[in-house]
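All of the numbers you see were taken from the coordinates with simple rules; none came from a lab. Values in this document were obtained by computation on a predicted structure and should not be read as measured data. Cβ: placed from backbone, ideal geometry, glycine included. Neighbour counts: every protein chain shown.
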Amino acid sequence: MESDRWPYTLRSSVSWVVSSSDVVEDADLSEEVAPALLVDGAGLWKQAYPSSNVLGDSEERPGGELVKPEDDNVAQLSSRLFSYRLEKVKTSPSSSSTSSSSSGPPPHQETARTARYIAHYSDWGHLATISTQDKIKGLPFGNIFSVSDGPLDNSTGVIYFYVTPMDNTVSDLINNPYASLTFSEAEGEFCRQMVYDPEDPRCARLTLTGKMVEVAPEELVFAKEAMFSRHPVMAKWPVGHKWFFMKLELVQVWLQDWIGGVSLIPLEDYFKATPF
């Protein structure tokens, strides 16, 4: 079955790293201007790049074997459906040598480091709250949020959010501030390369449970850098939506990254670990 799988590039996020000079400070955009943000003069939304431009002409299998696509046209067409332009990013020597693509995930036995790795390199996660919506009041409600635990070269383990009061999830948090945030290693390339189903225990999943709080004034500068460096388009979102920063104060770190059970990682171990 391996030979029937076409190589492709699936991008689960359109965020990328920019320098601080590229971030728009407090962009003054009205809601009437918002639709214009969908028009991309540089062609980000118009032009997708084939897998050969990103991963090379051959695909490397977990065993190290290089498999050449039988039909480049089909492979490129497949890759262009959901892939986005990749901008070249300048990184520091430390970050370039320890990026997720170059170093891969930590050994599964290093549970605290694995948890930090997933938390740091995930651009988005699934946040579960107790709903305040009329038809499902008191029931679980899940929503997707872009997140960051810091710029790519500075992992903190603290998860930051940029949210609006117009979101149902924020209404839930006003009523009950406790929530669970789940990440899956399936967001990246590792599980696909290893041909792991997202529910396979070896395709790690991390759930962080805690209290969602508004970021204090003395922490706003870092929260802004953390979010906007990873999701620069946020700086252009309409100010009329009254966006603000929140973070998750952890109560529990739950990890499954191998067969045979789950790990409850002490908070002290989680924060002492490093994803790099």
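Miscellaneous remarks
- Residue check for Thr164: closer than 19 Å to Val213 by Cα and hydroxyl-bearing (Ser, Thr, Tyr): yes
- The range 210-248, residues that are touching a Phe, Trp or Tyr at 6+ places or on another chain (Cβ under 7 Å) and among the β-branched types (Val, Ile, Thr): Val215
- Of all the residues in the range 124-139, those that are farther than 15 Å from Gly210 by Cα and either touching a strand residue (DSSP E or B) at 6+ places or on another chain (Cβ under 6 Å) or of a type in the set (A, V, I, L, M, F, W, C) (or both) number 4.
- Complete set of residues in the range 195-236 that are among the aliphatic types (A, V, I, L, M), more than 16 Å from the chain's Cα centre (by Cα) and over 20 Å from Thr169 (Cβ atoms): Val195, Ala216, Leu220, Val221, Ala235
- Of the residues making up the range 237-268, those that are of a type in the set (D, E, K, R) and under 19 Å from the mean Cα position of the chain (by Cα) number 3.
- Unmet criterion (only one of (1) within 19 Å of Leu264 (Cα to Cα); (2) touching a helix residue (DSSP H, G or I) at 6+ places or on another chain (Cβ under 6 Å)) for Asp200: (2)
- Selected residue (criterion: farthest from Trp237 (Cα to Cα)) from residues of the range 164-192 that are in contact with a helix residue (DSSP H, G or I) (Cβ under 9 Å, 6 or more places away or on another chain) and of a type in the set (Phe, Trp, Tyr): Phe190
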